[in-house]
Amino acid sequence: MNDLLDRLERDVVLGAEGYLFELERRGYVKSGPYVPEVVLENPDAVRELHREFLRAGAEVMVAFTYYGHREKLRHVGREGDLEALNRGALQIARDVAEEGNALLAGNICNTWAYDPSDPERSAAVVRAMYEEQVQWAAEEGADFVISETNDYLGEALVGVDVIRAAGLQSVVTLASTSDRTIDGHQLDEACKRLEQAGAEVVGLNCSRGPATMLPVLERIRNAVSCPVAAQPVPYRTTPAQPTFQSLRESDGTRAFPLRLDPFVCTRFEMADFAVAAREAGVGYIGICCGGAPHHVRAMAEALGRIVPASRYSADISLHPVLGSPGSETASRYGDWLDES
Ligand SMILES: [Zn+2]
């Protein structure tokens, strides 16, 4: 059964994203412009990460077309590669999805071209960019389209409209760094508007870590009647520094985007998030920038699933020191066990 809404009716759907950050860490994406040229230059690297997320329990393979729109490609002088990049990303994701009965999602995102002071003209520019990407997604067999990292309700509504017009379902998520979209709507109210416009699933992705996303999700859950999506960044955000863009090292240095390592959530924290989000009534649970396969496996297992990568899930009882604290070996490594 490859229908998103059917799956959501039965259980939580586990997603997984963060391709941009993970492939940047692996040396295939340039931080700054963040254009997914890797799809054309090193397609095997993209395929491998899809497979790792699939093995970790992700039920959705999201085509790596994030920032693969005309504006961004033009920015790096590769507008001519736009269609090849989009179709290539969709085909790679589809191939891997078929290896594990996962869904294939097309992906559109914030364009940086939307201008709330000139909504009519800029919405037309955004619409043209979305139309070509969504058309390619439809032609390559996407089961639905994720429109994500939206900062403007106005831009997100264009996405919903384009996806609907292509006959596809949409998961539309906002990523505002404050409690309002940049065009001034409370996040729960904006989600309500997206639902009314026809989005099948609405919610949040990126920007916030688990601790600062959960309270907003509860408000959204109360405001809408459709399924809610949550894909936080796996970083230890706080009420004082509620987004990963606002995280600061102790000397005040901004951690985003290249110094975030000390703030990464453990797999256990992401597992706790998955359970808490399910308890809050969230149906589509995933992870965004910074996420890696070990997080996803822990989330899947916390949701009660055994996934292919569970074959190698930890068994600390087999560790020579930690697994047998009273043993002769352990006594020689007493400092490991805090027995000083
Ligand atoms: Zn993200």
Task: Test: residue in region 13-31 that is more than 16 Å from the ligand (Cβ to nearest atom) and outside any loop (DSSP other than H, G, I, E, B) - done: yes
TODO: Give me the pairs, please: first residue somewhere in region 81-96 and over 20 Å from Phe144 (Cβ atoms), second residue anywhere and in a helix (DSSP H, G or I) and modelled with pLDDT of 95 or more, beta-carbon distance under 7 Å, and either six or more positions apart or on two chains.
DONE: Asp81/Leu40; Glu83/Trp136; Ala84/Leu40; Leu85/Val39; Leu85/Leu40
Open item on the list: Please go through (1) among the hydrophobic types (A, V, I, L, M, F, W, C); (2) open to solvent by 50 Å² or more (accessible area, probe 1.4 Å); (3) at pLDDT 95 or above for Trp112 and return the number of the only condition it doesn't satisfy.
Closed with: (3)
- [ ] Please work out if Val172 is within 16 Å of the ligand (Cβ to nearest atom) and among the aliphatic types (A, V, I, L, M).
- [x] yes
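When you go through Arg332, Arg248 one by one, which is the residue that is surrounded by 12 or more Cβ atoms within 10 Å (Cβ to Cβ), over 28 Å from Val46 (Cα atoms), without any contact (Cβ under 8 Å) to a residue 24 or more places away in the chain and among the charged types (D, E, K, R)?
Of the residues listed, the single one that is surrounded by 12 or more Cβ atoms within 10 Å (Cβ to Cβ), over 28 Å from Val46 (Cα atoms), without any contact (Cβ under 8 Å) to a residue 24 or more places away in the chain and among the charged types (D, E, K, R) is Arg248.
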Task: In region 73-90, the residues that are assigned to a helix (DSSP H, G or I) and surrounded by fewer than 16 Cβ atoms within 10 Å (Cβ to Cβ) - done: Arg74, His75, Glu79, Gly80, Glu83, Ala84
TODO: Please work out which one of (1) farther than 30 Å from Gly281 by Cα; (2) within 15 Å of the ligand (Cβ to nearest atom) is the condition Leu49 fails and give its number.
DONE: (1)
TODO: Output the residue which, of all residues in region 50-72 that are surrounded by fewer than 23 Cβ atoms within 10 Å (Cβ to Cβ) and touching a helix residue (DSSP H, G or I) at 6+ places or on another chain (Cβ under 6 Å), is farthest from Met299 (Cα to Cα).
DONE: Arg70
Open item on the list: Take the conditions on the phi > 0 side of the Ramachandran plot and either open to solvent by less than 20 Å² (accessible area, probe 1.4 Å) or at pLDDT 95 or above (or both) and apply them to Gly291. Does it pass?
Closed with: no
TODO: Please determine, by comparing only the residues of region 184-212 that are open to solvent by less than 20 Å² (accessible area, probe 1.4 Å) and of a type in the set (Gly, Ala, Ser), which one is nearest to the ligand (Cβ to nearest atom).
DONE: Ser207
Task: Candidates Thr149, Thr173, Thr181 - the one that is on the phi > 0 side of the Ramachandran plot and either among the acidic types (Asp, Glu) or modelled with pLDDT of 95 or more (or both) - done: Thr149
Task: Residues that are in contact with a Gly (Cβ under 7 Å, 6 or more places away or on another chain) and touching a residue at least 40 places away in the same chain (Cβ under 8 Å), drawn from region 173-200 - done: Thr173, Asp183
TODO: Go through region 118-137 and count every residue that is among the aliphatic types (A, V, I, L, M) and open to solvent by 40 Å² or more (accessible area, probe 1.4 Å).
DONE: 3
Task: The one condition in (1) within 22 Å of Leu4 (Cα to Cα); (2) free of Cβ contacts under 8 Å to residues at least 40 places away in the same chain that Val38 fails to fulfil - done: (1)
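The values are calculated or read from the model by the stated rules, or taken from the named source; none is laboratory data. Since the structure is predicted, the reported quantities are computational estimates derived from the model, not experimental observations. Backbone-built Cβ (ideal geometry, glycine too); neighbour counts: all protein chains shown. Heads up: the accessible areas ignore ligands, DNA and RNA and are worked out on the full protein's heavy atoms, side chains in. Shrake-Rupley method; radii C 1.70, N 1.55, O 1.52, S 1.80 Å.
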